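Quick notes on the structure that follows.
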Amino acid sequence: MKRTSGGNRRSFLASLGGSMAALWPGKLLAWGGQEASGSSMNASSSRAGNIYDELGVNTIINGWGTITVIGGSLIPPEVVDAMDAASRHFVSIPELLETTGDRIAKLLKDLPPDHTTTVTSGAAGAIQCGVSGVLTGENPEFISRLPDLAGMKSEVIIQKSHHETYEYTQQILASGVKLIDVEYPDDVRRAANNRTALLYFVNYLNPAGRIKVDEWTKLSMELRLPCFNDCAADTPPLSHLTDYNKMGYDLVAFSGGKAIRGPQCAGLLIGRKDLVRAARLNSAPFTPSLGRGMKVGKEEIVGMWKAVEVYLSQDSKALTDEWWKRLEYISKQLRSVQGVSTAFYIPEIANHVPHMRIEWDPRKFSLTTDAAFNFLKSGKPSVLLQKQDDGVSLSMNSFMLRPGQERIIAARLKQMFQTHSA
Ligand SMILES: *Cc1c(COP(=O)(O)O)cnc(C)c1O
């Protein structure tokens, strides 16, 4: 068994795009979706039923990852309980946002002392209200005027290599700013002027840029401009929740509904207290504001706080071992199939968890990547893995599987290879 690091982010994204398109068209073919019988991530019997059966919506066995379009992640029972408890009382939402934000900052322990957090409507919401806040500060007049930037700064600097493939530029542009592309450090120095509001960085694209993550923050200090890092899917490791703030980033965004396993519609903005306050004022419940549509309810706010607490207290090593064990089980089951091989890897950045590539000899199987993806998707239950763009492999991870689902995946893969031998 080969364990290499450095999964191919590009092919991951390519497969994401392709599969995403496959997910949208109206009625999907036979998305059968019984859960693994007898296996349950949530032990409580009141949650054992499948509400989606009542709706006639098929559920999915997720070997793909924390993908928004299939539901992000599954919320641990302690967090669901906290959300349930939060639903029973009225509270002041501004007070709750501020208090939970500070409590989360305390949980993170080694944040810089002038930093705090706020719960947002996902990382995308954190980006939009974070950028807005940098422009408006706490000025209610400015906040009510966005995206009209009269009297405010109007430019955000980004590396061309980040801008090109990044899917969240609209959350930046919503505030009315222009994106200014740069490639080299001197481009940043030339581009910076009195209209510049922010230097923007996309963490998972660090390898693609000429200016690396630590040099970007040094430039921000040199030019006395704030800098932002989108780290949406960049835990584990847990240390990333504070690493970039300590490195000098003024604002950092994380998804709540990915590896942190909070509510899917929640996220975190972590950064300088003044900028976090300003970001908050640029989102719900505050009116009038551009971000009023990005509401997070008391249940999600409390859920996000509890999710961080649970996430930080878990045994990362035991979890990672379990994730490896699931992949190794599937690999072992496939070993008896002639012409199929598996290889293990961990993407260096973003979704930094055990992955496995499943590759087959095209002379032995009449099967393309697309056909394999669709075979697994359209079965009962529906299994989703990641497409690879070499045409003769799939890849998968195991951190979003419910216990026991690795057995179903292994059986379905074996069945697939048996019925497609050339
Ligand atoms: C998922 C993701 C987002 C959006 O996060 P949400 O929490 O779904 O809003 C933004 N940036 C990157 C890099 C992501 O992976």
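The values are calculated or read from the model by the stated rules, or taken from the named source; none is laboratory data. These numbers were taken from a predicted model, which means no experiment stands behind them. Cβ atoms come from the backbone with ideal geometry, glycine included; neighbour counts cover every protein chain shown. The protein model used for the area step is the full one, side chains on, heavy atoms only, and it has no ligands, DNA or RNA in it. Shrake-Rupley method; radii C 1.70, N 1.55, O 1.52, S 1.80 Å.
Quick notes on this one:
- Using a probe radius of 1.4 angstrom, the carbon and sulfur fraction of the accessible surface of the chain is 53%.
- In plain terms, the chain from residue 170 to residue 287 could stretch by 40.0 nm, reckoned as 0.36 nm per residue minus the Cα-Cα distance.
- DSSP beta bridge pairing in the chain, given as percent antiparallel to the nearest 5: 50
- Volume of the Cα convex hull of the chain, divided per residue and given in Å³: 144
- The tail of the calculated P(r) for segment 192-305, taken as Cα-Cα distances beyond 25 Å, holds 26 percent of the pairs.
- Heavy-atom accessible surface of segment 123-165, averaged per residue, reaches 36 Å², computed with a 1.4 Å probe.
- Net dipole in debye of the chain [+1 Lys, Arg Cβ; -1 Asp, Glu Cβ; about Cα centre; nearest 20]: 860
- The peptide list 240-246, 333-339, 281-287, put in order of mean Cβ contacts within 10 Å with the highest first, becomes 240-246, 281-287, 333-339.
- Rounded FRET efficiency, nearest 0.05, which uses the C-beta distance separating residue 55 from residue 138 and R0 of 45 Å: 0.55
- Distance between segment 154-173 and segment 321-378 - C-alpha centres, whole angstrom: 34
- Measuring how big segment 90-313 is from its alpha-carbon positions, Rg and Dmax come out at 16.1, 53 Å.
- When only Cα pairs below 8 angstrom with a gap of at least 6 residues are kept, the chain shows a relative contact order of 26 percent.
- Rounded accessible area of residue 309 (nearest 10 Å², 1.4 Å probe): 70
- When the chain is treated as a Gaussian network with alpha carbon springs shorter than 10 Å, the biggest mean-square fluctuation among 383, 202, 340 belongs to 340.
- The chain: calculated mean residue ellipticity at 222 nm from DSSP helix runs of at least 4, using -39500 (n - 2.57): -12000 deg cm²/dmol
- Eligible lysines near residue 306 by straight Cα distance, threshold 26 Å, same-chain separation 8 or greater: 106, 109, 246, 258, 273, 295, 298, 317
- Length-normalised contact order of segment 187-255 in % [C-alpha pairs under 8 Å, at least 6 apart]: 33
- In the full protein context, segment 217-373 carries 39 Å² of accessible surface per residue, based on a 1.4 Å probe and ignoring ligands, DNA and RNA.
- Within a Gaussian network of the chain (alpha carbon springs, distance under 10 Å), most fluctuating of 288, 113, 354: 113
- Hydrophobic, long helices, defined as DSSP H runs whose alpha-carbon span along the helix axis is 15 Å or greater and whose mean Kyte-Doolittle value is at least -0.5, occur in the chain at 9-23, 93-107, 122-136, 298-313, 405-419.
- For segment 90-313, the relative contact order is 30 percent, taking Cα pairs closer than 8 Å that sit 6 or more residues apart in sequence and dividing their mean separation by the residue count.
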